[in-house]
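Here the structure comes first, spelled out in structure tokens, and everything after it is commentary.
The values are calculated or read from the model by the stated rules, or taken from the named source; none is laboratory data. From a predicted model like this one, the values you see are computed outputs, not experimental measurements. All Cβ positions, even for glycine, are placed from backbone atoms using ideal geometry, and neighbour counts span all protein chains on display. Each accessible area value is taken on the protein alone, full model and side chains, heavy atoms only, with ligands, DNA and RNA left out. Shrake-Rupley method; radii C 1.70, N 1.55, O 1.52, S 1.80 Å.
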Amino acid sequence: MKATKWWQNTAVYQIYPKSFNDTTGNGTGDLRGITEKLDYLKDLGAGALWLTPVYPSPMVDNGYDISDYTGINPQFGTLADMEELIAEAKRRDIRIVMDLVYNHSSDQHPWFIESKSSRNNAKSDWYIWRDAKPDGSAPTNWRGIFGGSAWTYCKERGQYYLHTFAEAQPDLNWENPEVRAALFAAANFWLDKGVGGFRIDAITYIKKPAVFEDGTPDAADGMVSVHTMTANTPGILDFLHEFRREVFDGHDIFTVGEANGVSVAELPDWVGENGVFSMLFEFAHVLVPYEGGECWSKMLPWPLTKLKGALSASQAGVAKEGWYPIYFENHDRARSVNYFFPHGGDTRLAAKALATILMTLRGTPFIYEGEELGMTNVKWDTIEAYDDISSHGQYELALKEGFSPAEALSFVHFNSRDNARTPMQWDTSKNAGFTTGTPWLPANENYRTINAAAEQADADSVLSYYKQIVRLRKTKPVLLDGVYEELLADNEQIYAFSRTAGNRRIVTAVNFSTEEAQLPAGFLKGVRLIGSYADAPKAALRPLEAVVYEEEVK
Ligand code: NOJ
């Protein structure tokens, strides 16, 4: 292995600032709230904190609609608060990672306000404008990722603009070199402030096809997902190499692209020495319940082998070149204990099972806030209770597909992004200790039992397990660079794999089922390093049991 980089040998912790810790009592989290919790994060073993967007924003999509790329949203604090956070984190050897949302801006960004004002202003070509079809309808039948047409009509220009996501998120025109230069300058602004890396949002959509055409409808609304029509369009890598040259090169940072639509076979073009990013968030393993695109009403029960196959394919994809960001949760996904264990069982054991995989696969583990506590989904009674824009879009789509309101709501319960956005559960005080005011989203009722304070005091808690296994990873070089091999590949109950380097071999085995799962004789050899039950398993793994063994090999 080449010289280890700092970000390969640490855990990254993702913070959703709006829901993390409120120091002002206004019901939304803030930057000072993060600074206040740095010791907690250090104790957990985090070496970097990825903050979802904290820039000025109308918050239609909770910050993924940016109206100023070099400012701080007053809701979260000031630039001085950000500088303090960066400095205080650095004192603890923790880097701050910013989220770059460069496929689109907010429709309130001054660039868009100017662009939409006429067809001949200085920024008229900064977004994707097209004429209507002869009948006045949208230029194509593309559906935006949050539902509804991906085009919105603008009467000032008498044209439509494209938005891959919400109407309030117009896509920037990367073909225009002035746009690219402005975006690169903003990223360099944050590098000068000392940030340790970037997560790059929705990056597979920045290149659009040369010709815009209707696609074959994929649902009852007669539309086709914009993803099908524009993701990973040839030519995208030219833009990205320029991005790398103008921003990333020469800095001791990491970059992780959000890359829905890039296949494992394409990874070498995207990550590593000859690629663009340090790592790429893939989607295959989190999309196992879906038939095709991410349509919430089209989910199927999935065999464990599908999840294992996706994870193994990703491991293989970066075995020689590049690096992998391991994750089960983020702000766009339901809580992993519910999502990956739809058959139920003890959620504490489920959380430990996923932690065990997260910390022993090859790559950099990403822990999402509350995952280290085993936080779970919420289940609200009405669609109105949900804030998440995509929950509303998917609910409407399900109704169009002929599902009843109750069925449509059940898809929201299982998938909603709000599941991951409820307030961080700090303690048993009102609102889970997140705010003294009224939280912008209600806390999950179970905060009285699932919370950081209680788990800190409990040696058997999910949090204690996380702390232990994050440390274990740092003391075992084989977990950093050992070769990955999947074991028991056909087994539908157990996910098992080995990591081998020199004469050390570490084996992880996790029972995903709520039944006992038989192990082949002599499968677990050597010393048990960690496990989710108090004692070692015998011939079988107990329900949801996870174990890690180390042995010496010749
Ligand atoms: C992906 C982000 O993670 C998600 O939260 C956001 O809604 C979309 N990109 C649009 O920026």
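Would you check which residues across region 81-108 are open to solvent by less than 10 Å² (accessible area, probe 1.4 Å) and within 14 Å of the ligand (Cβ to nearest atom) and list them?
Those that are open to solvent by less than 10 Å² (accessible area, probe 1.4 Å) and within 14 Å of the ligand (Cβ to nearest atom): V97, M98, D99, L100, V101, Y102, N103, H104, S105, S106.
Yes or no, residue by residue, for (1) farther than 30 Å from K208 by Cβ; (2) touching a Lys or Arg at 6+ places or on another chain (Cβ under 8 Å):
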residue: Y13; (1), (2): yes, no
residue: L44; (1), (2): yes, yes
residue: P56; (1), (2): no, no
residue: N62; (1), (2): no, yes
residue: I66; (1), (2): no, no
residue: Y69; (1), (2): no, no
residue: Y102; (1), (2): no, no
residue: Q108; (1), (2): no, no
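Specify the residue that is farthest from D61 (Cα to Cα); the eligible residues are those in region 410-431 that are open to solvent by less than 10 Å² (accessible area, probe 1.4 Å) and touching a His at 6+ places or on another chain (Cβ under 9 Å).
Top of the filtered list is V412.
Quick one: what pairs do we get from region 318-332, first residue without any contact (Cβ under 8 Å) to a residue 12 or more places away in the chain, second within 16 Å of the ligand (Cβ to nearest atom), C-beta under 8 Å, 6+ apart or different chains?
Correct list of pairs: empty, since none qualify.
Answer yes or no as to whether S314 is away from the ligand (no atom under 16 Å from the Cβ), touching a Ser or Thr at 6+ places or on another chain (Cβ under 7 Å) and in the same structural domain as A185 (by the TED database).
Judged against the criteria, S314 is not a match.
Would you tally the residues in region 373-411 being over 23 Å from P217 (Cα atoms) and either in contact with a Lys or Arg (Cβ under 8 Å, 6 or more places away or on another chain) or of a type in the set (V, I, T) (or both)?
Total meeting the criteria: 9.
When region 169-208 is examined, which residues are found to be more than 13 Å from the ligand (Cβ to nearest atom), among the β-branched types (V, I, T) and either in contact with a His (Cβ under 7 Å, 6 or more places away or on another chain) or not in a helix (DSSP H, G or I) (or both)?
Once the filter is applied, which keeps residues that are more than 13 Å from the ligand (Cβ to nearest atom), among the β-branched types (V, I, T) and either in contact with a His (Cβ under 7 Å, 6 or more places away or on another chain) or not in a helix (DSSP H, G or I) (or both), region 169-208 yields only V195.
Between F198, F277, which is under 30 Å from A319 (Cα atoms), in contact with an Asp or Glu (Cβ under 8 Å, 6 or more places away or on another chain) and among the aromatic types (F, W, Y)?
F198
Can you tell me which residue in region 125-159 is farthest from T216 (Cα to Cα), limited to those that are surrounded by 14 or more Cβ atoms within 10 Å (Cβ to Cβ) and out of contact with any strand residue (DSSP E or B) (no Cβ under 9 Å at 6 or more places or on another chain)?
The selected residue is D125.
Output the number of residues of region 155-179 satisfying the condition of being closer than 15 Å to S106 by Cα and over 23 Å from the mean Cα position of the chain (by Cα).
Summing the residues that are closer than 15 Å to S106 by Cα and over 23 Å from the mean Cα position of the chain (by Cα) in region 155-179 gives 4.
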